[in-house]
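Enquirer: Structure below; questions to follow.
The values are calculated or read from the model by the stated rules, or taken from the named source; none is laboratory data. Because the structure is predicted, anything quoted here is derived from the model rather than measured. All Cβ positions, glycine included, derive from the backbone under ideal geometry; neighbour counts span all protein chains shown. SASA here: full protein model, heavy atoms, side chains in, ligands and nucleic acids out. Shrake-Rupley method; radii C 1.70, N 1.55, O 1.52, S 1.80 Å.
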Amino acid sequence: MSNELILLLLRIVSGLLLLTILFAIFRILWRDFQHTTRAMDRQKRSYGSLIVMQEIDGAYLLTGEVYPLLPITSLGRSPTNTIPINDTFASSEHALITLRERQWWLEDRNSRNGTLLNGRQVTQPVVITHDDIIGIGHISLRINLSD
Amino acid sequence: MTTELAIHQEHTRTVKTRERLLLLLVGMFLLVNFLGLRLAQPSSTSTDWLHFIVWLICASIGTLLLERNLPARDPLLFPIAMFLSGWGLILIDRLAPPFADRQTVWLAVSVTAMLIVATTPHPLRWLRQYRYVLLLGGILLLLGTIFLGTNPSGSQTAPQLWLGFGAIFFQPSEALKIMLVAFLASYLAESPSFFRASLPAFSTQRKWPSPRIIGPVLLMWGICIIILVWQRDLGTAILFFAVFILLVYVATRSNFILFSGFILIILAGFVAYMAFAVVRLRVDVWINPWPEADSRAFQIVQSLLAFAAGGPFGQGIGQGSPTYIPVVHSDFVFSAIAEEWGLLGVITVIAAIGTFVVRGLQIALQQQQRAFLVLLATGLSLLIATQSLLIMAGVLKLIPLTGVTLPYLSYGGSSLLASFVIVGLLLRLSALENN
């Protein structure tokens, strides 16, 4: 075999090896990326949602707003709450929903106008379930648990 | 708990196999190219096999010791560093054979240094504890170079950037860059604004940087100006300043810093253009090299021609003529790669360095709220990123040429050593517990 032919072959092999190295690097990056997104999906499991409604003429109408239900969800007029409620009857820190021992609890945080659960005043922490309706000021929130 | 343990074990197993697979591929690539070089240039010295063997030993001892000491390290950093530095050895064998033996010795020294950094008990704590000693040492090194600096070629007119000890020459600015990143990281980590900035911002109040932040920035600017004025080392000055502006920006999220840093660079550049012939030359040939293609702009024009000659797949090792470019083995290795390995080689180099930097920044993200470690990993990655960008864009005439080395690839012992110390630190950071 002539020198030129061997050199050409070596060039081709060298180029192929460069491509293989590139491929190997990108495969590792891709695998790690998939691994991370899967881990994040697992962490970001959804608990449920709170569906905002307004009572007009005795019927509940959806406002179109839906908030995710988190293990600690605070409600009130102040923008630092997990769910800020823009209503003059709501106190700045109005109510709190927490997940304790696999139960969802609703408590009133000494609000001025009180919190309602299915139309009844909440005076001490109570357990809430799917389809319960929380009332704060003019706004109602229906609880939608995912599992 | 048992599944967690199993996941952990599987993770370390994949680190090992991934690292070794990559090193194997890299080794094959280097072997093929050493063979090609031997065939294309039969006159080359017979010691170049020795260089490949030294590389092999460094790679195998490196991966073995890392496996024993840091089983949960990042699997990409070490193979990429070995890939680029091995390719660098071939390039020096090809372009400047008299320097190749020296570079091989430096590679062995650098890998040893990396392993020391990666295996000693508390290098990160030391970096933090002795930060003022580091800063002082760095400034002394800089002063030492200003007054005692030499050039390995012995020329009195060339920039005097090296400290000589007999036959060994060392460029202190390479050590200085790591020292200053470590200093700035620990300094900024203790500044309260770091944690304040990392909270989600509810208030929209404007954060004006405190004197605690502006102080070191001005100090750095001063150091860079000194480097520029006394040493005519444009590349290092820009590299230092850009990295420190970015690091302060990461620590404080202050757009003001980014903006004023940009203004300061432009100002300094303008003054330097007026004052120094070397800067004027670089900017002039960047704007239009063609009228002076055979005199002042010879180097950059030859570099562009090398890129054109390479085409998509290159001329093949030893079959192009990159040696037309003056000092091709240090500042212009990227053009040599373009000529002999073509667009494919160029893309591989950019991808490898880009991956390295991205992994470095990912390591920074893993450190969560440990501000010093976050800033250290960010700073070290940004050093490699900025330096590579400056020289790669420089030889392509995208920005004015600044004479810095291309990390791992260029000829230069101190640069290689500093780059491998950076790998050691990043590997160390990537293997920390509780990530």
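Enquirer: Hey, among A:Ser78, A:Ser74, A:Ser91, A:Ser111, which residue is among the hydroxyl-bearing types (Ser, Thr, Tyr) and either surrounded by fewer than 16 Cβ atoms within 10 Å (Cβ to Cβ) or modelled with pLDDT under 85 (or both)?
Expert: Only one candidate qualifies: A:Ser78.
Enquirer: Here is a list: B:Gly316, B:Gly310. Which entry is buried (at least 19 other Cβ atoms within 10 Å of the Cβ) and at positive phi?
Expert: Selected residue: B:Gly316, the only one of B:Gly316, B:Gly310 that is buried (at least 19 other Cβ atoms within 10 Å of the Cβ) and at positive phi.
Enquirer: Same structure again: Being open to solvent by less than 100 Å² (accessible area, probe 1.4 Å), touching a Ser or Thr at 6+ places or on another chain (Cβ under 9 Å) and within 14 Å of another protein chain (Cβ to nearest Cβ) is the filter here; which residues of region A:20-64 pass it?
Expert: A:Ile21, A:Leu22, A:Ile25, A:Ile28, A:Leu29 - these are the residues of region A:20-64 that are open to solvent by less than 100 Å² (accessible area, probe 1.4 Å), touching a Ser or Thr at 6+ places or on another chain (Cβ under 9 Å) and within 14 Å of another protein chain (Cβ to nearest Cβ).
Enquirer: Scan B:Val109, B:Val117 and give me the residue that is surrounded by fewer than 17 Cβ atoms within 10 Å (Cβ to Cβ) and among the β-branched types (Val, Ile, Thr).
Expert: B:Val109
Table: residues versus (1) closer than 26 Å to B:Phe241 by Cα; (2) more than 11 Å from chain A (Cβ to nearest Cβ); (3) touching a Ser or Thr at 6+ places or on another chain (Cβ under 9 Å).
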residue	(1), (2), (3)
B:Ile263	yes, yes, no
B:Arg280	yes, yes, no
B:Glu292	no, yes, no
B:Ser295	no, yes, no
B:Gly318	no, no, yes
B:Thr323	no, yes, no
B:Ala364	yes, yes, yes
B:Phe372	yes, yes, yes
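Enquirer: Additional query: Kindly provide the set of residues from region A:1-19 that are under 54 Å from the mean Cα position of the chain (by Cα), at the interface with chain B (Cβ under 9 Å from one of its Cβ atoms) and surrounded by fewer than 16 Cβ atoms within 10 Å (Cβ to Cβ), ordered by number.
Expert: A:Ile12, A:Leu19
Enquirer: Follow-up question, since we're still on this one. Looking at region B:287-298, can you tell me whether even one residue there is buried (at least 24 other Cβ atoms within 10 Å of the Cβ) and part of a helix (DSSP H, G or I)?
Expert: no
Enquirer: Just a yes or no: is a residue in region B:63-85 under 14 Å from B:Gly413 (Cβ atoms), open to solvent by less than 10 Å² (accessible area, probe 1.4 Å) and within 19 Å of the chain's Cα centre (by Cα)?
Expert: Within region B:63-85 (the criterion being under 14 Å from B:Gly413 (Cβ atoms), open to solvent by less than 10 Å² (accessible area, probe 1.4 Å) and within 19 Å of the chain's Cα centre (by Cα)), the answer is yes, since at least one residue qualifies.
Enquirer: Continuing with this model, one more query. Out of B:Ile300, B:Ile363, B:Ile384, which single residue is under 25 Å from B:Ala175 (Cα atoms), in contact with a Pro (Cβ under 8 Å, 6 or more places away or on another chain) and in contact (Cβ under 8 Å) with a residue 12 or more places away in the chain?
Expert: Result: B:Ile384 is the single residue among B:Ile300, B:Ile363, B:Ile384 that is under 25 Å from B:Ala175 (Cα atoms), in contact with a Pro (Cβ under 8 Å, 6 or more places away or on another chain) and in contact (Cβ under 8 Å) with a residue 12 or more places away in the chain.
Enquirer: Quick one: B:Pro42 ticks every box in (1) in a helix (DSSP H, G or I); (2) over 21 Å from the mean Cα position of the chain (by Cα); (3) within 14 Å of chain A (Cβ to nearest Cβ) except a single one, so which number is it?
Expert: (1) is the only condition that B:Pro42 fails.
Enquirer: Can you tell me which residue is surrounded by the fewest Cβ atoms within 10 Å (Cβ to Cβ) among those in region B:380-420 that are among the β-branched types (Val, Ile, Thr) and in a helix (DSSP H, G or I)?
Expert: B:Thr386
Enquirer: While we're here: Report whether or not B:Val357 is closer than 25 Å to B:Gln171 by Cα, within 14 Å of chain A (Cβ to nearest Cβ) and either open to solvent by 10 Å² or more (accessible area, probe 1.4 Å) or not in a helix (DSSP H, G or I) (or both).
Expert: yes
Enquirer: Could I ask something else about it? Residues to consider are B:Ala352, B:Ala336; find the one that is within 14 Å of chain A (Cβ to nearest Cβ), in contact (Cβ under 8 Å) with a residue 40 or more places away in the chain and either surrounded by 23 or more Cβ atoms within 10 Å (Cβ to Cβ) or part of a helix (DSSP H, G or I) (or both).
Expert: B:Ala352
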